[in-house]
Amino acid sequence: MRRATPALGVLGVIALTAAAPPAFGKPIPRGRKASTKPIAASAPRARHDGHDGAHARVAINHTGDLRPGRDIIGRREQPLTIEEDTAKQIEKLLRGPLRYGVTGLFVADARTGEALFAVNAEDPLNPASNVKMISTAAALELLGADFKYPTRLLGALPDAGIVHGDAYLLGSYDPTLTPGDFDDIAAAVAACGITRIDGSLVVGADPTRDGLYRSVVPIEIHAGEPGAPAIATLPAGMDLISVRMLATTGRATRSRLTYKVDNTDDGAGHPRIVLTIGGTIGRGGAASYPVVTRERTATAAYTLRAALAAHGITVGGDFKIAELNSFVGAVVAAGRLPVELGRHDSARLAEIVAHINKWSINWLADRVIMTAAALVQRQPPSMDVAVAAMYDWLDRHPRITKSDLVVDTGSGLSYHTRITPHELVSIIRSAAGYTPDGDAALSQAWLDSLSIGGTDGTLARRFRGAEIRGRLRAKTGTLSTSIALSGLLDLDSQRPLAFSLVTNGDTPLSPRYVRHAHEQVIAILCRYLARTRKEPLATPAPLPAVLAPSPGIGADRQDLEELEPDPVLDPVLDTEAASQR
């Protein structure tokens, strides 16, 4: 049963649902005016941060007309407090640029949990990719920041450079595994003095464990002599794919190539892919075509075979599928011991999580929490297992129960997600180590994974002013009807702020316009801190190395949130904050 929400601490509560928007405020370029009602009605939610609000200094509670800019007691006008003035500035934005749809805001002291400002803080909203804050925190706790996904090649103990029998490719559901990583395995095998594997390469039946998550084989195409067929080049040893070349070399420089992929087999049960290339390639021209296949295990096996060949190691057989215990039994029955011949380890989980949160990579977020939960529970990865692990983390740490919110992915790429801004702040405080039950190493890894304003990730081109750059760590969120920004604002070392700012609309929102308004809210909070802090602005802590999507953990364009530069208020923030100190 949910408890009634207690009175909030140093708080400005601003409600918009009963007030008509004023005339000012630029309309959103796309979409019609959305309803100001919450997406889903809900009873007040229980507080999760343990703060009872007993020391409230200001409360601007609004259920009807907005409160005037100053209290009038008799004929004497009382000036606004700093908190009241800040609340009125935020209120102006919410009734102006953010009047479309519903915007939820919750701001609290990150150390104590004391609430400072709130609006629609208990409304269940969709924060989009802010869900990654939960899935990455859960994955770090399940596996540890230093965990690496191993991919190993097992075989009988070599005899005079020869491995008698088969060799087994054993993965660990590594979502970051790429074709290039098999060179690490092949190099290790060669370093052992091995020159030949008599048998076949064996993989398990589970393609997510032993295969390549993204199975892509690059085919390079070059022009021949005018009138002659084009020339296709495959990775050495990639017997999975054959090319049927119908394309010819033209006399002009313009190319018009066509591609057709057919899946077949070699008659012995081994999968084969036939790529037919037609059309014309321009004189002296070159092109490349990535063959995308669902044959994940076969692609892994043949890619490894090609890597072994590049290191002077021959493989006598083809590839086959068998369970690990059958392979081990066959090796032992032959009077030999199975050993590790070579391996590749992924990047540390902390680094993978940093790529997820900084660049908001959807497919990787889902795969990491799915595989982390699967490895711990010793069962195949699935979204059900992943979501259950996320709910378990929420219940253990910010003490948010499954009935309080809705998550159904690890990435937030869903229109069913419902989390309140208040709950998001509780999640941030727990994951960042501001609550007693946190692990310092995991909290630091999670904190370092957030995008840093003006520095990297999806915030690289935002919040670049001298006052705030490097002092804002946050996770962005973007869907067509949802724009979110949640994280930590550390301008005052004695009182870092945890905040969550979520805007939802009934119709598509303009990301540029809404983000600009969100930046104005953050600028107001910065001015509030500048007016209330009791010590000079400290030099920000050294920033971690800037991370960009790498080939190993890379992001497709459609996986990234928009990185286009937005109008930034930082120069305004700098001068106004300085003038109000």
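So, Arg367, is that one buried (at least 16 other Cβ atoms within 10 Å of the Cβ) and closer than 25 Å to Gly161 by Cβ or not? Walk me through how you get there before you give the answer.
Numbers: buried (at least 16 other Cβ atoms within 10 Å of the Cβ): yes; closer than 25 Å to Gly161 by Cβ: no.
Considered against the rule, which asks whether it is buried (at least 16 other Cβ atoms within 10 Å of the Cβ) and closer than 25 Å to Gly161 by Cβ, Arg367 comes out as no.
For residues that are of a type in the set (Val, Ile, Thr) and within 23 Å of Val332 (Cβ to Cβ), scanning just segment 152-177, find the one that is surrounded by the most Cβ atoms within 10 Å (Cβ to Cβ).
So in segment 152-177, the residues of a type in the set (Val, Ile, Thr) come out as 162-163, 176.
Then keep just the ones that are within 23 Å of Val332 (Cβ to Cβ); that gives 162-163.
Details: Ile162: 15, Val163: 27.
Filtering segment 152-177 for residues that are of a type in the set (Val, Ile, Thr) and within 23 Å of Val332 (Cβ to Cβ), the one surrounded by the most Cβ atoms within 10 Å (Cβ to Cβ) comes out as Val163.
I'd like the full set of residues that are within 23 Å of Asp184 (Cα to Cα) and touching a strand residue (DSSP E or B) at 6+ places or on another chain (Cβ under 7 Å), limited to segment 340-377.
Glu340, Leu341, Gly342, Arg343, His344, Asp345, listed by residue number.
Six or more apart or on different chains, Cβ atoms under 9 Å: show the pairs whose first residue is in segment 435-452 and closer than 16 Å to Phe499 by Cα and in contact (Cβ under 8 Å) with a residue 12 or more places away in the chain and whose second is surrounded by fewer than 20 Cβ atoms within 10 Å (Cβ to Cβ) and of a type in the set (A, V, I, L, M, F, W, C).
That search, which allows pairs on different chains as well, returns Ser451/Ala460; Ile452/Ala460; Ile452/Leu543; Ile452/Val546.
Residue by residue through segment 182-203, note down the ones that are of a type in the set (Gly, Ala, Ser) and in contact with a Phe, Trp or Tyr (Cβ under 8 Å, 6 or more places away or on another chain). Spell out the reasoning first.
Going residue by residue through segment 182-203, those that are of a type in the set (Gly, Ala, Ser) are 186-188, 190-191, 193, 199-200.
Ser200, the sole residue that qualifies.
Counting only residues that are buried (at least 17 other Cβ atoms within 10 Å of the Cβ), modelled with pLDDT under 95 and in a loop (DSSP other than H, G, I, E, B), how many does segment 240-269 have?
Within segment 240-269, residues that are buried (at least 17 other Cβ atoms within 10 Å of the Cβ), modelled with pLDDT under 95 and in a loop (DSSP other than H, G, I, E, B) number 3.
Would a scan of segment 522-534 turn up a residue that is in a helix (DSSP H, G or I), modelled with pLDDT of 95 or more and surrounded by fewer than 23 Cβ atoms within 10 Å (Cβ to Cβ)?
Taking every residue of segment 522-534 in turn, at least one turns out to be in a helix (DSSP H, G or I), modelled with pLDDT of 95 or more and surrounded by fewer than 23 Cβ atoms within 10 Å (Cβ to Cβ).
Please give the number of the condition Ala110 fails out of (1) touching a residue at least 12 places away in the same chain (Cβ under 8 Å); (2) more than 19 Å from Arg531 (Cα to Cα).
All conditions are met except number (2).
Regarding segment 474-495, can at least one residue be identified that is surrounded by fewer than 18 Cβ atoms within 10 Å (Cβ to Cβ), outside any loop (DSSP other than H, G, I, E, B) and either among the aliphatic types (A, V, I, L, M) or more than 15 Å from the chain's Cα centre (by Cα) (or both)?
Applying the first criterion (surrounded by fewer than 18 Cβ atoms within 10 Å (Cβ to Cβ)) to segment 474-495 yields 480, 493-494.
Now narrow it down to the ones that are outside any loop (DSSP other than H, G, I, E, B): none.
There is no residue in segment 474-495 that is surrounded by fewer than 18 Cβ atoms within 10 Å (Cβ to Cβ), outside any loop (DSSP other than H, G, I, E, B) and either among the aliphatic types (A, V, I, L, M) or more than 15 Å from the chain's Cα centre (by Cα) (or both).
From the set of residues in segment 364-411 that are within 14 Å of Thr136 (Cα to Cα) and among the polar types (S, T, N, Q), which is nearest to the chain's Cα centre (by Cα)?
Ser411
Tell me, which residue of segment 422-471 that is in a helix (DSSP H, G or I) and among the β-branched types (Val, Ile, Thr) is farthest from Met390 (Cα to Cα)?
That would be Thr458.
Name the residue that is surrounded by the fewest Cβ atoms within 10 Å (Cβ to Cβ), counting only residues in segment 110-128 that are of a type in the set (A, V, I, L, M) and assigned to a loop (DSSP other than H, G, I, E, B).
Within segment 110-128, the subset of a type in the set (A, V, I, L, M) is 110, 115-116, 118-119, 121, 125, 128.
Next, only the ones that are assigned to a loop (DSSP other than H, G, I, E, B) stay: 110, 121.
On the way: Ala110: 23, Ala121: 26.
Applying the filter and picking the extreme gives Ala110.
Any idea which of Pro508, Pro567, Pro549 is at pLDDT 90 or above and part of a loop (DSSP other than H, G, I, E, B)?
Numbers: Pro567 fails: at pLDDT 90 or above; Pro549 fails: at pLDDT 90 or above.
Only one candidate passes the filter, namely Pro508.
Identify all residues within segment 220-239 that are acidic (Asp, Glu) and either crowded, with 16+ Cβ neighbours inside 10 Å or in contact with a helix residue (DSSP H, G or I) (Cβ under 9 Å, 6 or more places away or on another chain) (or both); write none if there are none.
Keep residues of segment 220-239 that are acidic (Asp, Glu), which gives 220, 225, 239.
If the condition is that a residue be acidic (Asp, Glu) and either crowded, with 16+ Cβ neighbours inside 10 Å or in contact with a helix residue (DSSP H, G or I) (Cβ under 9 Å, 6 or more places away or on another chain) (or both), then Asp239 is the only one that fits.
Within segment 195-202, does at least one residue satisfy the condition of being in contact (Cβ under 8 Å) with a residue 12 or more places away in the chain, surrounded by fewer than 15 Cβ atoms within 10 Å (Cβ to Cβ) and not hydrophobic (A, V, I, L, M, F, W, C)?
Restricting attention to segment 195-202, the residues satisfying the condition of being in contact (Cβ under 8 Å) with a residue 12 or more places away in the chain are 195-202.
Those left that are additionally surrounded by fewer than 15 Cβ atoms within 10 Å (Cβ to Cβ): none.
For segment 195-202, residues in contact (Cβ under 8 Å) with a residue 12 or more places away in the chain, surrounded by fewer than 15 Cβ atoms within 10 Å (Cβ to Cβ) and not hydrophobic (A, V, I, L, M, F, W, C): absent.
The values are calculated or read from the model by the stated rules, or taken from the named source; none is laboratory data. Values in this document were obtained by computation on a predicted structure and should not be read as measured data. All Cβ positions, glycine included, derive from the backbone under ideal geometry; neighbour counts span all protein chains shown.
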